[in-house]
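Notes to accompany the following structure.
Where a number appears in this text, it was derived from the coordinates with a stated rule and is not lab data. All of these numbers come straight from a predicted model, not from anything done at the bench. Virtual Cβ from ideal backbone geometry, glycine too; neighbours counted across all protein chains shown.
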Amino acid sequence: MKIIIANWKAYVEDFKSAEKLFGVYKLLSSSKKAAFVVAPPNIFLRDIIKAYKGRLISFASQGVSGSGACTACTSVQQVKDTGVDFVLVGHSEQRARSLTDEQVSATVKDVYNAGMYSVIIVGENNRDEQGGHFKFVRSQLKIALNRYPKNKPLKFIVAYEPVWAVGAKQPPKAHEIEMMMIYIRKILVQLFGDRRGRQVPILYGGSVNAANISAILELQEVSGVLLGRASVDEKALTELYQNIKK
Ligand code: PGA
């Protein structure tokens, strides 16, 4: 089953709206066409998880920022305590606000130690004719995983989100996405060996919508998608879900 991670960002501003939106996920998930991982704002997590009695939807934190003497931060243990299984790490909107590769790497390790899965988000800021974006993504991913404990289960997902396609009009061309997905798979196999490296799901994110979802999900190595805008628009989400082939 394909994975759909729904990153609500800060689009949903009150709990009532969050509950209403989550109702759409409950409805859609009953047809079991894809596995939803819903990432509401951290502040709504505990109440949404508590109110949800089903088993079809998993939950992610959109991210953590620090622990201890860190004003206005949210720690790995705090999101763990809400009941989430996943944490998004390295989203470009966080990187743009000074999150570094080293912090991504430390968080991936902390999330693993806390018994959760990281969704490691990588992606180039822009493209050049020389193909520098492959090198860029390789470096981001290798650093993100450089503290990952050796010979332990691979409890993470990789999401490729070219920054220039996030919140934009359209994603890269299908073959361009596919080339990057195959490249990321190669890196994972190099790092963890053939059998284990092939088990890690790789998602695509950035301008996914009802019109392009089915073509994206058919690409080689694509285990699912990461949604932003479409995840908080009831109509767009429903149409997108309808276009997923079972
Ligand atoms: P978008 O955002 O779907 O609105 O392009 C994707 C993301 O930021 O995860």
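Tell me, yes or no, whether the range 164-182 has at least one residue that is touching a helix residue (DSSP H, G or I) at 6+ places or on another chain (Cβ under 7 Å), part of a loop (DSSP other than H, G, I, E, B) and polar (S, T, N, Q).
Among the residues of the range 164-182, not one is touching a helix residue (DSSP H, G or I) at 6+ places or on another chain (Cβ under 7 Å), part of a loop (DSSP other than H, G, I, E, B) and polar (S, T, N, Q), which makes the answer no.
Search the range 1-26 for residues that are on the phi > 0 side of the Ramachandran plot and pair each with any residue that is assigned to a helix (DSSP H, G or I) when their beta-carbon atoms are under 8 Å apart and the residues are at least 6 apart or on different chains.
Close Cβ pairs (under 8 Å, with a partner that is assigned to a helix (DSSP H, G or I)) amount to Lys9/Glu93; Lys9/Val232.
Among (1) aliphatic (A, V, I, L, M); (2) within 16 Å of the ligand (Cβ to nearest atom); (3) surrounded by fewer than 19 Cβ atoms within 10 Å (Cβ to Cβ), there is one condition Val122 misses while meeting the rest; what is its number?
Condition (3) is where Val122 drops out.
From (1) within 14 Å of the ligand (Cβ to nearest atom); (2) touching a residue at least 24 places away in the same chain (Cβ under 8 Å), pick out the condition that doesn't hold for Arg97.
For Arg97, the exception is condition (2).
Here is a yes/no grid of residues against (1) in contact with a Phe, Trp or Tyr (Cβ under 6 Å, 6 or more places away or on another chain); (2) over 18 Å from Leu240 (Cα atoms); (3) basic (Lys, Arg); (4) surrounded by fewer than 19 Cβ atoms within 10 Å (Cβ to Cβ):
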{"position": "Met1", "(1), (2), (3), (4)": "no, no, no, yes"}
{"position": "Trp8", "(1), (2), (3), (4)": "no, no, no, no"}
{"position": "Tyr11", "(1), (2), (3), (4)": "no, yes, no, yes"}
{"position": "Leu21", "(1), (2), (3), (4)": "no, no, no, no"}
{"position": "Phe36", "(1), (2), (3), (4)": "yes, no, no, no"}
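In the list Val108, Val79, which residue meets the criterion of being touching a Phe, Trp or Tyr at 6+ places or on another chain (Cβ under 7 Å), closer than 30 Å to Phe136 by Cβ and crowded, with 19+ Cβ neighbours inside 10 Å? Before the answer, list the steps.
Values: Val79 fails: touching a Phe, Trp or Tyr at 6+ places or on another chain (Cβ under 7 Å).
Every option except Val108 fails the conditions.
Only one of (1) surrounded by fewer than 17 Cβ atoms within 10 Å (Cβ to Cβ); (2) of a type in the set (A, V, I, L, M); (3) touching a Ser or Thr at 6+ places or on another chain (Cβ under 8 Å) fails for Leu88. Which number is that?
Of the numbered conditions (1) surrounded by fewer than 17 Cβ atoms within 10 Å (Cβ to Cβ); (2) of a type in the set (A, V, I, L, M); (3) touching a Ser or Thr at 6+ places or on another chain (Cβ under 8 Å), the odd one out for Leu88 is (1).
Take the conditions surrounded by fewer than 17 Cβ atoms within 10 Å (Cβ to Cβ) and not hydroxyl-bearing (Ser, Thr, Tyr) and apply them to Ile43. Does it pass?
On the way: surrounded by fewer than 17 Cβ atoms within 10 Å (Cβ to Cβ): yes; not hydroxyl-bearing (Ser, Thr, Tyr): yes.
Yes.
Note down all Cβ pairs under 6 Å where the first residue falls in the range 185-211 and is under 26 Å from Ser231 (Cβ atoms), the second is crowded, with 16+ Cβ neighbours inside 10 Å and of a type in the set (Asp, Glu), and they're at least six residues apart or on different chains.
Arg185/Glu221; Ile202/Glu221; Gly205/Glu161; Gly206/Glu161
Consider only pairs whose beta carbons are under 8 Å apart and that are at least six residues apart or on different chains; among these, list those whose first residue lies in the range 164-176 and is more than 12 Å from Glu93 (Cα to Cα) and touching a residue at least 60 places away in the same chain (Cβ under 8 Å) and whose second residue is within 8 Å of the ligand (Cβ to nearest atom) and of a type in the set (Phe, Trp, Tyr).
From residues that are more than 12 Å from Glu93 (Cα to Cα) and touching a residue at least 60 places away in the same chain (Cβ under 8 Å), there are no pairs.
Among the residues of the range 62-76, how many are surrounded by 11 or more Cβ atoms within 10 Å (Cβ to Cβ), free of Cβ contacts under 8 Å to residues at least 24 places away in the same chain and on the phi > 0 side of the Ramachandran plot?
Qualifying residue count for the region: 1.
Residue check: is Gly83 in contact with a helix residue (DSSP H, G or I) (Cβ under 6 Å, 6 or more places away or on another chain), of a type in the set (Gly, Ala, Ser) and within 16 Å of the ligand (Cβ to nearest atom)?
Values: in contact with a helix residue (DSSP H, G or I) (Cβ under 6 Å, 6 or more places away or on another chain): yes; of a type in the set (Gly, Ala, Ser): yes; within 16 Å of the ligand (Cβ to nearest atom): no.
Judged against the criteria, Gly83 is not a match.
Please go through (1) under 20 Å from Ala96 (Cβ atoms); (2) β-branched (Val, Ile, Thr); (3) away from the ligand (no atom under 16 Å from the Cβ) for Ile182 and return the number of the only condition it doesn't satisfy.
Every condition holds for Ile182 apart from (1).
Inside the range 122-143, can you point out the residues that are within 21 Å of Val37 (Cα to Cα) and part of a helix (DSSP H, G or I)? Please lay out each step first, then the result.
At the first step, the residues of the range 122-143 found to be within 21 Å of Val37 (Cα to Cα) are 122-123.
Selection gives nothing.
Within the range 207-218, track down each residue that is part of a loop (DSSP other than H, G, I, E, B) and buried (at least 16 other Cβ atoms within 10 Å of the Cβ). Reasoning before the result, please.
Here is the first cut: in the range 207-218, the ones part of a loop (DSSP other than H, G, I, E, B) are 207-212, 218.
Answer for the range 207-218, where residues must be part of a loop (DSSP other than H, G, I, E, B) and buried (at least 16 other Cβ atoms within 10 Å of the Cβ): Ser207, Val208, Asn209, Ala210, Asn212.
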